[in-house]
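Worksheet: the structure to be examined is printed underneath.
Derivation of every value follows stated rules applied to the coordinates shown; laboratory data play no part. Everything numeric in this text was worked out from a predicted model, so none of it was measured. Cβ sites come from the backbone with ideal geometry, for glycine too, and all protein chains shown count toward neighbours.
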Amino acid sequence: MPKKVAMTGNVAVASAMRQINPDVCAAYPITPSTEIMQQFSTFVANGQVDTNLVTVESEHSAMSACIGAAAAGGRVMNATSANGLALMWEMLYIASGNRLPIVLSCVNRALSAPINIHCDHSDSMGARDSGWVQIYAENAQEAYDNTVQAPRIGEHPEVRLPVMSCMDGFIISHSIENLELLDDAQVKDFVGPYKGTSYPLLDIGNPVTYGALHLQDFYIESKKQLHEAMKKAKDVVLEVGKAYGKLSGRSYGFFEDYKLADAEVAVVVLNSAAGTAKVIVDELRAKGIKAGLLKPRLFRPFPYLEVADALKGASAICVMDRADSFGAAGGPLFNEFRSALYDLPVRPMMINKIYGLGGRDVGLDDIRKVYMELVDLAQSGKASPLCEYITVRE
Amino acid sequence: MSKPKGWKDLPSGGMIKEAGNAAQYNTGAWRSDRPIWIKENCIQCMFCWIFCPDSSVTVKDGERGEFDYMHCKGCGVCAMECPAKEKAIVMMTEAEGARPDALEKAKAIAKKMAEEKAKAKK
């Protein structure tokens, strides 16, 4: 029977890790992800897991230790945020390039400078091209559920890619919410024995080389393999999300569509702000305005055909980004969605709002204003500015 | 050489499944200086075999053989360490060393080096 518990997002993720019982974890603290490994180290000290917890001297070393342990043949997990993720940068590419299915819990936080510890998505959005599968969570329940699903996605023989499971720093990581945990035995059974590599380095009878030099003659073949594995990950995410639904009653797909089917105006927003947007959707629906919401879950690989299909009926769409891609035609999420909708026979009008950077609160009023702007846009057909900051003082 | 494998047939992640595969890779092409072995000067001390940072000095039945030019990178450590009175290993440029008269030239160089060394001692 599932247990109802009250937990912070961080403790929920640490609990999933306890139930998964990885072989190796590396730990280097950074707010707001610190609590995950702190809580997990208690499980290690209490003997509740068999994990070899490696305390390292930086996030670069943390990811390096994960890479070594994964190549050796272990199931490996880790957690970080913001500048910690930035310091892992070159190792992120090495993890995916070597096709090692490491699971990293990324607790989204703004990148310095100015130094800031609160939520935005500039950290994981910057890592979007690093060859990691990226999954996002609205709340602690989803963060827990995604963490349990992550190893099965990454370790699938046709995928074998590292997985980054993201949730909002502080807003989710440090807020206590009610959620359901699966039984330990259910998680153990769901995740199954590790099959993330066919060639572990510890198999000394069959020595192999990881990380060899690939010049003009082989490098691009390696990247083409990664490209195809990423495509394959799409099917696997669906398959695992469905299986998880059978087990828990909570099915997962590429995104959540909230009252989107007949929506005339729609907002696309990631993570915790989607919860706020749902309140406004309900409010507007009560007034007879056909408002809808799309909350992306899988960002890499990006399900561009499916989101285009889900949004094709809307006449005006706002994509909200909690990260800027300075100098680009809008934030990272906007560019992705706008490109995905380009092939629709009738293209909806699209605008972009950059919001909530560095943890700036985004409230009901802010999101209501966005929807009302979309209503105007849909009626007048007049273009608004393409990309604007909101939740900012003028 | 056969056509290299395509992305579908290569091991994933650039992994190499066979151990000791460096033997198949012609790293000798990197060489700009070439060691020439003068068999008649060789005292079979095996210093060159020990000092070679690759494995480019071949030995068969306890006797030193020819250089493995497919892997020798021309570092010159063997020539430096050769203790024979008249050097059994002489470094030449790759172009000179590839000519048919290379061995004769090498012998002359070894002889000259020994004479100069003797003169310096006096």
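Counted over chain A, the DSSP beta bridges are approximately 25% antiparallel. In chain A, the longest principal axis of the Cα atoms and the axis of helix A:140-155 are about 50 degrees apart.
The charge dipole of segment B:26-117, taken about its Cα centre with unit charges on the Cβ of Lys, Arg, Asp and Glu (plus for the first two, minus for the last two), comes to roughly 140 debye. Candidate cross-link partners of A:Lys195 among the aspartates and glutamates, defined by an alpha-carbon separation under 16 Å and a same-chain spacing of 8 or more, comprise A:Asp23, A:Glu155, A:Glu158, A:Asp203.
For the options A:Asn108, A:Asn116, A:Asn46, a Gaussian network treatment of chain A with springs between C-alpha atoms closer than 10 Å singles out A:Asn46 as fluctuating the most.
Think of it as helices only: each DSSP H run of n ≥ 4 in chain A is worth -39500 (n - 2.57), and spread over all residues that comes to -12500 deg cm²/dmol at 222 nm.
Of the residues B:Pro11, B:Pro100, B:Pro83, the one that moves most in a GNM of chain B with alpha-carbon contacts below 10 Å is B:Pro11. Ranking A:Ala274, A:Met7, A:Val375 by Cα position along the charge dipole of chain A, where only Lys, Arg, Asp and Glu carry charges on their C-beta atoms, puts A:Val375 farthest toward the positive end.
A Stokes-Einstein calculation at 10 °C with viscosity 1.306 mPa s, built on the Kirkwood radius of chain A over Cα pairs, returns a diffusion coefficient of 74 µm²/s. Exposed loop sites here mean trypsin sites (Lys or Arg not before Pro) with a DSSP loop assignment and at most 10 other beta-carbon atoms within 10 Å; chain A contains its longest site-free run at A:1-286. With +1 on the Cβ of every Lys and Arg and -1 on the Cβ of every Asp and Glu, and nothing else charged, how large is the dipole of chain A about its Cα centre, in debye rounded to the nearest 20? Using only the charged Cβ atoms, the result is roughly 520 debye. At q = 0.13, 0.21, 0.22 Å⁻¹ the log10 of I(q)/I(0) for segment A:255-389 amounts to -0.47, -1.37, -1.53, computed by Debye summation with a single uniform scatterer per C-alpha, solvent ignored. Over 32 Å apart at the Cα level, from the set A:Lys242/B:Lys8; A:Lys242/A:Lys312; B:Lys3/B:Lys39, are B:Lys3/B:Lys39. Applying a threshold of 26 Å to the alpha-carbon distances of A:Lys232/A:Lys295; A:Lys231/A:Lys278; A:Lys4/A:Lys353; A:Lys231/A:Lys353 flags A:Lys231/A:Lys278; A:Lys4/A:Lys353; A:Lys231/A:Lys353 as lying beyond it.
In terms of its C-alpha gyration tensor, segment B:26-117 comes out oblate, because a/c is 1.5 or above while a/b does not outweigh b/c. Loop-resident GluC sites (Glu not before Pro) (DSSP state other than H, G, I, E or B) in segment A:76-181 with no more than 16 further Cβ atoms inside 10 Å of their Cβ: A:Glu158.
Among the chymotrypsin sites (Phe, Trp or Tyr not before Pro) in segment A:284-371, those placed in a DSSP loop whose Cβ has at most 11 other Cβ atoms within 10 Å are A:Phe326.
Residue farthest toward the positive end of the dipole of the protein assembly as shown, with Cβ of Lys/Arg at +1 and Asp/Glu at -1: which of B:Pro100, A:Ser81, A:Gly47? Of the listed residues, the answer is B:Pro100.
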